[in-house]
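Nothing in this text is a laboratory measurement; each read-out follows from the coordinates by a stated rule. Please read these numbers as outputs of a predicted model, since none were measured by experiment. Glycine also receives a Cβ, built like all others from the backbone with ideal geometry; neighbour counts cover every protein chain displayed.
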Amino acid sequence: MALWGGRFSQGPDSAFKQFNDSLPFDYQLAEQDIIGSIAWAKAISSVGVLSQSELAQLTAALLELLKEVKADPESIAHAGDEDIHSYVESKLIEKVGDLGKKLHTGRSRNDQVATDFRLWCRTTATTLLGAIEALQKAFIALAERELGTILPGYTHLQRAQPVLFSHWCLAYVEMLARDHSRLTDAVNRFNECPLGSGALAGTAYGIDREILAKELGFARATRNSLDAVSDRDFVIELLSCASLSMLHLSRLAEDLIFYNSGEAGFIELADTVTSGSSLMPQKKNPDALELIRGKTGRVFGALSAMSMTLKALPLAYNKDMQEDKEGLFDALTTWLACIHMAQSCISGLSVRSARTLAAAKGGHANATELADYLVAKGIPFRQGHHIVGQLVQLAISKGKNLEELPLSEFKAVCDVIDDDVYPVLEIDACIAARKALGGTSLPQVQQAIAAWKLKIQ
Ligand code: ARG
């Protein structure tokens with residue numbers, strides 16, 4: 001049943017109806033629409049629009065409907081109503097007759113949809129925050145398990161300096177903490193109740209909107225009706241939180257795809273998150289990670305789509321805004337699935353620490369140590385840098401690592417180098433030297449793990 005029609009002498013044609021209807025996707029707001037309706041019934045009864053017994057009847061019917069929609073939410077999608085608000089109202093009228101027609105007094109679908117959508121976003125954000133924490137925990141557990149494992153650290157995808165594998169794990173814990181904090185901020189900003197803003201000008205019924213806001217668990221009521229019904233900043237903020245976090249997950253995916261490659265062979269992914277090739281029997285492909293990397297594009301797509309939709313949109317509500325839902329539903333569902341999948345990959349991977357160590361030892365990753373050694377011997381860093389460059393060239397020409405050069409060859413390039421250079425060039429010394437806050441030395445990493453455990457576990 002349409003909520004309007006009195007002014008029309010013809011119904012919509014079927015192509016337009018299909019084009020215009022949002023029920024096929026906004027059915028996902030069914031619970032929120034019913035909960036918002038119960039609160040609205042209470043609000044209008046407080047100003048005498050409904051008697052106490054009418055309120056009780058409406059509430060009971062709405063609660064009954066809530067149970068029904070929870071049991072089979074997807075069946076609503078094809079019920080044929082224009083949108084979830086029309087669906088709920090028509091079901092209510094089926095249950096309580098004409099009394100159901102009173103519920104929409106003083107309310108518009110414009111303030112209703114803005115409220116429903118924010119309620120949905122709040123619940124979904126809570127789930128996402130929990131998932132981010134779970135992924136952080138998986139990283140921390142891996143960091144603890146692999147404490148001591150040495151990994152080549154890269155810049156420009158060239159082996160640069162060795163780091164602890166756990167240090168790499170904690171880098172992602174940091175990124176995820178920022179994702180978590182951004183999402184929390186977004187929730188705090190949108191946690192305001194638009195209900196009672198009417199179509200655009202405010203409601204003509206003297207309800208207490210602050211009480212209504214509290215009733216629905218919002219921190220406060222919105223303060224300007226024009227803004228309240230037309231603001232979709234929260235959608236863009238959530239999409240931007242999702243995009244940035246997906247960007248982090250895509251970097252994680254890329255790191256792991258590389259570590260898992262035959263060429264690197266640093267890790268092995270669990271069978272549970274990899275798949276085979278239909279043609280090449282030897283293959284075990286990192287599909288989960290490739291999909292995380294790939295889906296990042298789709299989430300960014302939703303962000304730019306919504307930004308374009310809202311650009312230059314005049315106040316207040318316009319039907320363009322109905323486009324806010326599918327992109328956000330899809331982006332947040334995708335983000336959540338990727339967080340879960342990343343967690344499975346992290347929890348199930350095994351590290352080939354002999355290979356990571358061998359790779360960290362190759363590539364002259366201890367060259368910086370040698371330059372620092374020369375600085376300690378009184379040579380200015382820039383000059384030391386040049387000397388070490390020559391020594392690296394020498395080592396490359398002999399197919400050796402720096403620590404494999406005999407002292408005579410060191411001395412031929414720089415006389416101040418002595419026997420005491422060898423312990424400095426050991427990989428453990430390279431790691432141990434990074435002992436300032438935020439560095440990769442074992443005590444720093446242990447402290448970081450302990451601090452995260454306090455925060456998260
Ligand atoms: N289905 C609409 C949406 O999602 C609900 C609001 C409709 N309001 C209106 N005045 N047509 O945006």
Report the label-to-label distance for SER261 and GLN10 in nanometres (one decimal), using points 7 Å from each Cα along the Cα→Cβ vector.
6.2 nm
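Given the Cα atoms of segment 30-162, and with Rh set as the inverse mean 1/r over their pairs in the Kirkwood sense, what is Rg to Rh to two decimals?
Here the Rg-to-Rh quotient is 1.33.
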The local net charge around LEU289, scoring Lys/Arg +1 and Asp/Glu -1 for residues other than LEU289 whose Cβ lies under 10 Å from its Cβ, equals -3
Cubic angstrom per residue, convex hull over Cα atoms of the chain:
200 Å³
Would you list THR123, THR115 from fewest to most Cβ contacts within 10 Å?
THR123, THR115
Which whole-angstrom value gives the distance between the alpha carbon centres of segment 210-269 and segment 99-155?
7 Å
Coordinate range along principal axes, alpha carbons of segment 146-293, Å, largest first:
70, 39, 26
Treating cross-link reach as a plain straight distance, find the lysines whose alpha-carbon is under 24 Å from the alpha-carbon of LYS311, omitting any fewer than eight places away in the same chain.
LYS319, LYS325
Helix 109-145 vs. the chain, principal-axis angle (Cα, 0 to 90°, nearest 10)
20 degrees
In nm, to one decimal, how far is the ARG382 label point from the MET308 one, both placed 7 Å along Cα→Cβ?
5.1 nm
Neighbour-count ranking for THR272, THR309 (other C-beta within 10 angstrom, fewest to most) reads THR272, THR309
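Once the cut-off is 12 Å, how many percent of the Cα-Cα pairs in segment 275-325 end up in the long-distance tail?
72 percent
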Of LYS17/LYS91; LYS377/LYS435; LYS42/LYS67; LYS70/LYS95; LYS67/LYS137, which sit over 27 Å apart, Cα to Cα?
LYS67/LYS137
Tell me, in nm to one decimal, what length is gained between ALA160 and ASP208 on full extension, where the rule is 0.36 nm per residue of separation less the Cα-Cα distance?
11.0 nm
Karplus-derived HN-Hα couplings along segment 23-30 (A = 6.51, B = -1.76, C = 1.60, θ = phi - 60°), whole Hz, x at Gly and Pro
3, x, 10, 7, 4, 5, 9, 4
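Please give the FRET efficiency for ALA436 paired with GLU409, using the beta carbon to beta carbon distance and R0 = 30 Å, rounded to the nearest 0.05.
The computed FRET efficiency comes out at 0.40.
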When every alpha-carbon pair in segment 376-423 is counted, what percent end up more than 13 Å apart?
55 percent
Looking at segment 93-172, I'd like the Rg to Rh ratio, where Rg is from alpha-carbon atoms and Rh is Kirkwood's inverse mean 1/r.
1.47
In what order do LEU247, LEU405 fall by count of nearby beta-carbon atoms within 10 Å, going from fewest to most?
LEU247, LEU405
Provide the gained length on full extension for the span GLU94 to LEU247, in nm with one decimal, where the gain is 0.36 nm per separating residue minus the Cα-Cα distance.
50.3 nm
Restricting things to alpha carbons, tell me how big segment 377-457 is in terms of Rg and Dmax, in Å.
17.3, 55
Label-to-label distance, nm, for residues given as LEU454 and THR105 (7 Å Cα→Cβ offset)
5.7 nm
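Report the gain in length on full extension from LYS284 to LYS67: 0.36 nm times residue separation, minus Cα-Cα distance, nm rounded to one decimal.
73.6 nm
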